[in-house]
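Here the structure comes first, spelled out in structure tokens, and everything after it is commentary.
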Amino acid sequence: MRVKCVLCDKIETIDSDSLLAKKLRNRPIHTYMCQSCHDRITERTKARLATGKFRFYRSTSRDDEF
């Protein structure tokens, strides 16, 4: 299955029988992001968290600390 990254428009091929391919076929709201874009976003998010000025809202409970 050919997929296109939503950020960099890079076209990659994934196995048509994989769970990711099934998720992309059956639920059109899900989008594909290549590994390099995923890694870049992860690094930048961790850098923003390290500054202390970025609030990371992950859950609805206010008692959770990250």
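Filtering the range 1-34 to residues that are exposed (fewer than 10 other Cβ atoms within 10 Å of the Cβ) and either of a type in the set (S, T, N, Q) or in contact with a helix residue (DSSP H, G or I) (Cβ under 7 Å, 6 or more places away or on another chain) (or both) leaves Thr13, Asp15, Asn26. Checked against the criterion of being among the hydrophobic types (A, V, I, L, M, F, W, C), within 22 Å of Tyr57 (Cβ to Cβ) and either free of Cβ contacts under 8 Å to residues at least 40 places away in the same chain or in a loop (DSSP other than H, G, I, E, B) (or both), the range 18-35 contains one or more residues that satisfy it.
Out of all the residues in the range 3-17, which are in a strand (DSSP E or B) and either over 16 Å from His38 (Cα atoms) or not aliphatic (A, V, I, L, M) (or both)? Lys4, Glu12, Thr13, listed by residue number.
Readers should treat all values here as calculations from the given coordinates under stated rules, not as data from a laboratory. Computed from a predicted model, the values in this text were never measured in an experiment. Note that we place each Cβ from the backbone using ideal geometry, even for glycine, and neighbour counts take in every protein chain shown.
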